[in-house]
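Quick notes on the structure that follows.
The values are calculated or read from the model by the stated rules, or taken from the named source; none is laboratory data. This is a predicted model, so every value here is computed, not measured. All Cβ positions, glycine included, derive from the backbone under ideal geometry; neighbour counts span all protein chains shown.
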Amino acid sequence: MTFTFGIYPGALLGTATGAVHLAHPDHPERIEEALRQLQADAPTLLVRAYRPYAATVAPDAPPTPADPERYLANGRALDLVVTFREPTGALEGWLDFIRATVRDEGARLASLQICEEPNANLPVLDGSMPNVHQALVQGVIAAKEEARARGHDLAVGFNVVPTFNPADTFWNDLGAVADDRFHQALDYVGLDFFPDVFRPIPAEQLAAAVEAVLTGLRTADLPKAGIGGGVPIRVCEHGWPTGPERGEERQAEVIEEVIRTLDKLRGDLNITGYSLFGLRDANSAGEGLYDRFGLLRDDYTPKPAFSTYSKLIAELTH
């Protein structure tokens, strides 16, 4: 079973209320060098990027990071997220946007994620948009149909965040609108999760918490939507920020423990990939929770986790 690694190479990230302030703009040459070092001799490294769709608000919104295609040398491929930010919930332009993305960029894409965290009802995420279940289902179908028509071998999927609310209806609601075309088009389900970031977890319980979340997704959540064990799971976003009382050595330990736990589970739970969020701090002098998610500081000097991730990529890429 192939296991593929990736990373979000930008520094800009969203919080519950908006985007975090960047101390310095992205430096593309330093990003390229960091990606080369992380990838080393691995055959590929997925480059994660985000492109919003919001026809009635910002029809020409640029991707994040800017010009992600420049980072695709040496076998690296694009893991592109198209986000549904249309406040009217209208689908026609959304589906045209998806088809155009596949048509124009399909040769550079390893995967296309439809929607960003559609089960998270927060103002900055797709789960707050009307008609998001249909946007997800119809978007997956449209992307796969266009890829097949154009001869592009790309994986089409969607992602979620862990669900801890027993009254949450997302999976049942998705199952109610998912038809055979959706299930035949779906190549993976992604998980964004950040254990010991928003909810503290004792160090000795981290591995068990990771296993519980992934097992719950596979055995409890996905079946509610009719998604079987043959559809792979990918970890699309995971990270652990440094900062006051959050040491850089501990960041390296957390990243390694999470990845090794996934490696242990990947056969039983059909887990095929992991992407880290993200490459560089937004503001290494900041004290906010979102300021220092990077493997690099904002001047591109490495934290210990940078070499840890590179070693894991070399060891566990199959």
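Checking Ala178 against (1) closer than 24 Å to Ala77 by Cα; (2) surrounded by 14 or more Cβ atoms within 10 Å (Cβ to Cβ), which test does it fail?
If we test Ala178 against (1) closer than 24 Å to Ala77 by Cα; (2) surrounded by 14 or more Cβ atoms within 10 Å (Cβ to Cβ), just (1) comes out false.
I want to confirm something. Restricting to segment 226-249 and keeping residues that are touching a residue at least 24 places away in the same chain (Cβ under 8 Å), out of contact with any His (no Cβ under 9 Å at 6 or more places or on another chain) and farther than 22 Å from Leu46 by Cβ, which single residue is surrounded by the fewest Cβ atoms within 10 Å (Cβ to Cβ)?
Going through the qualifying residues, I end up with Pro244.
With respect to Leu222, determine if the residue is modelled with pLDDT of 95 or more and more than 20 Å from the chain's Cα centre (by Cα).
Answer is no for this residue.
Could you grab me the full set of residues in segment 199-218 that are among the aliphatic types (A, V, I, L, M) and assigned to a loop (DSSP other than H, G, I, E, B)? Working first, answer last.
Taking segment 199-218 as the starting set, the residues that turn out to be among the aliphatic types (A, V, I, L, M) are 201, 203, 206-210, 212-214, 217.
Listed by number, the list holds a single entry, Ile201.
Could you check segment 65-112 and list, in sequence order, the residues that are in contact with a Lys or Arg (Cβ under 9 Å, 6 or more places away or on another chain) and polar (S, T, N, Q)?
Correct list: Asn74, Thr83, Thr101, Ser111.
Restricting to segment 150-187, give me the number of residues that are among the small types (Gly, Ala, Ser), under 18 Å from Ser111 (Cβ atoms) and assigned to a helix (DSSP H, G or I).
Of segment 150-187, the ones among the small types (Gly, Ala, Ser) are 151, 155, 157, 167, 175-176, 178, 185.
From what's left, under 18 Å from Ser111 (Cβ atoms): 151, 155, 157, 185.
Subset that is assigned to a helix (DSSP H, G or I): 185.
Counting residues in segment 150-187 that are among the small types (Gly, Ala, Ser), under 18 Å from Ser111 (Cβ atoms) and assigned to a helix (DSSP H, G or I) gives 1.
Taking the criterion of being within 19 Å of Glu32 (Cβ to Cβ), in contact (Cβ under 8 Å) with a residue 60 or more places away in the chain and under 18 Å from the mean Cα position of the chain (by Cα), would at least one residue in segment 256-270 satisfy it? Show your work before the answer.
The initial filter retains those residues of segment 256-270 that are within 19 Å of Glu32 (Cβ to Cβ), namely none.
No, segment 256-270 contains no residue that is within 19 Å of Glu32 (Cβ to Cβ), in contact (Cβ under 8 Å) with a residue 60 or more places away in the chain and under 18 Å from the mean Cα position of the chain (by Cα).
May I ask you to say which residue of Val81, Val20, Val57, Val47 is buried (at least 18 other Cβ atoms within 10 Å of the Cβ) and more than 28 Å from Leu186 (Cα to Cα)?
Numbers: Val81 fails: more than 28 Å from Leu186 (Cα to Cα); Val57 fails: buried (at least 18 other Cβ atoms within 10 Å of the Cβ); Val47 fails: more than 28 Å from Leu186 (Cα to Cα).
After ruling out the rest, the residue left standing is Val20.
Filter segment 112-134 down to the residues that are within 24 Å of Ala155 (Cα to Cα) and hydrophobic (A, V, I, L, M, F, W, C) and list them by number.
Initial filter on segment 112-134 (within 24 Å of Ala155 (Cα to Cα)): 112-120, 125-127, 131-134.
Matches in segment 112-134: Leu112, Ile114, Cys115, Ala120, Leu125, Val132.
Restricting to segment 282-301, give me the number of residues that are over 13 Å from Pro9 (Cα atoms) and either touching a residue at least 60 places away in the same chain (Cβ under 8 Å) or out of contact with any strand residue (DSSP E or B) (no Cβ under 9 Å at 6 or more places or on another chain) (or both).
First, the residues of segment 282-301 that are over 13 Å from Pro9 (Cα atoms): 283-292, 299, 301.
Checking which are either touching a residue at least 60 places away in the same chain (Cβ under 8 Å) or out of contact with any strand residue (DSSP E or B) (no Cβ under 9 Å at 6 or more places or on another chain) (or both) leaves us with 283-286, 288-291, 299, 301.
Within segment 282-301, residues that are over 13 Å from Pro9 (Cα atoms) and either touching a residue at least 60 places away in the same chain (Cβ under 8 Å) or out of contact with any strand residue (DSSP E or B) (no Cβ under 9 Å at 6 or more places or on another chain) (or both) number 10.
Considering only residues that are on the phi > 0 side of the Ramachandran plot and surrounded by fewer than 24 Cβ atoms within 10 Å (Cβ to Cβ), which ones fall in segment 88-116?
Result: Gly89, single match.
Within segment 280-300, can one find any residue that is crowded, with 17+ Cβ neighbours inside 10 Å, within 12 Å of Ile31 (Cα to Cα) and among the hydrophobic types (A, V, I, L, M, F, W, C)?
Yes, that holds for at least one residue.
Against the condition surrounded by fewer than 16 Cβ atoms within 10 Å (Cβ to Cβ), farther than 26 Å from Leu222 by Cβ, of a type in the set (Ser, Thr, Tyr) and in contact (Cβ under 8 Å) with a residue 24 or more places away in the chain, how does Thr64 come out, does it pass? Even if it seems obvious, please write down each step before you answer.
Numbers: surrounded by fewer than 16 Cβ atoms within 10 Å (Cβ to Cβ): no; farther than 26 Å from Leu222 by Cβ: yes; of a type in the set (Ser, Thr, Tyr): yes; in contact (Cβ under 8 Å) with a residue 24 or more places away in the chain: yes.
Spelling it out, it is not the case that Thr64 is surrounded by fewer than 16 Cβ atoms within 10 Å (Cβ to Cβ), farther than 26 Å from Leu222 by Cβ, of a type in the set (Ser, Thr, Tyr) and in contact (Cβ under 8 Å) with a residue 24 or more places away in the chain.
Residues of segment 219-244 being of a type in the set (Asp, Glu) and either more than 22 Å from Gly14 (Cα to Cα) or part of a helix (DSSP H, G or I) (or both), which ones?
Quick first cut of segment 219-244, residues of a type in the set (Asp, Glu) only: 221, 237.
Across segment 219-244, the qualifying residue is only Asp221.
Out of the residues in segment 119-128 meeting the condition of being touching a helix residue (DSSP H, G or I) at 6+ places or on another chain (Cβ under 7 Å) and among the hydrophobic types (A, V, I, L, M, F, W, C), tell me which one is farthest from Leu174 (Cα to Cα). Don't jump to the end; show me each part of the working.
Taking segment 119-128 as the starting set, the residues that turn out to be touching a helix residue (DSSP H, G or I) at 6+ places or on another chain (Cβ under 7 Å) are 119-122, 126.
Filter once more, so that each one left must be among the hydrophobic types (A, V, I, L, M, F, W, C): 120, 122.
Working: Ala120: 14, Leu122: 18 Å.
Checking each candidate, the answer is Leu122.
Would you mind telling me which numbered condition in (1) of a type outside the set (Phe, Trp, Tyr); (2) under 23 Å from Leu191 (Cα atoms); (3) assigned to a loop (DSSP other than H, G, I, E, B) Thr308 fails?
With (1) of a type outside the set (Phe, Trp, Tyr); (2) under 23 Å from Leu191 (Cα atoms); (3) assigned to a loop (DSSP other than H, G, I, E, B) applied to Thr308, the lone miss is (3).
For (1) β-branched (Val, Ile, Thr); (2) closer than 14 Å to Ile227 by Cβ; (3) crowded, with 20+ Cβ neighbours inside 10 Å; (4) at pLDDT 95 or above, each residue gets a yes or a no:
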| site | (1), (2), (3), (4) |
| --- | --- |
| Gln134 | no, no, no, yes |
| Ala143 | no, no, yes, yes |
| Thr169 | yes, no, no, yes |
| Leu174 | no, yes, yes, yes |
| Val189 | yes, yes, yes, yes |
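Only one of Arg30, Arg36 is closer than 26 Å to Thr15 by Cα, surrounded by fewer than 19 Cβ atoms within 10 Å (Cβ to Cβ), out of contact with any helix residue (DSSP H, G or I) (no Cβ under 9 Å at 6 or more places or on another chain) and not aliphatic (A, V, I, L, M); which? So that I can check it myself, show each step before the final result.
Details: Arg36 fails: closer than 26 Å to Thr15 by Cα.
Of Arg30, Arg36, the one residue that is closer than 26 Å to Thr15 by Cα, surrounded by fewer than 19 Cβ atoms within 10 Å (Cβ to Cβ), out of contact with any helix residue (DSSP H, G or I) (no Cβ under 9 Å at 6 or more places or on another chain) and not aliphatic (A, V, I, L, M) is Arg30.
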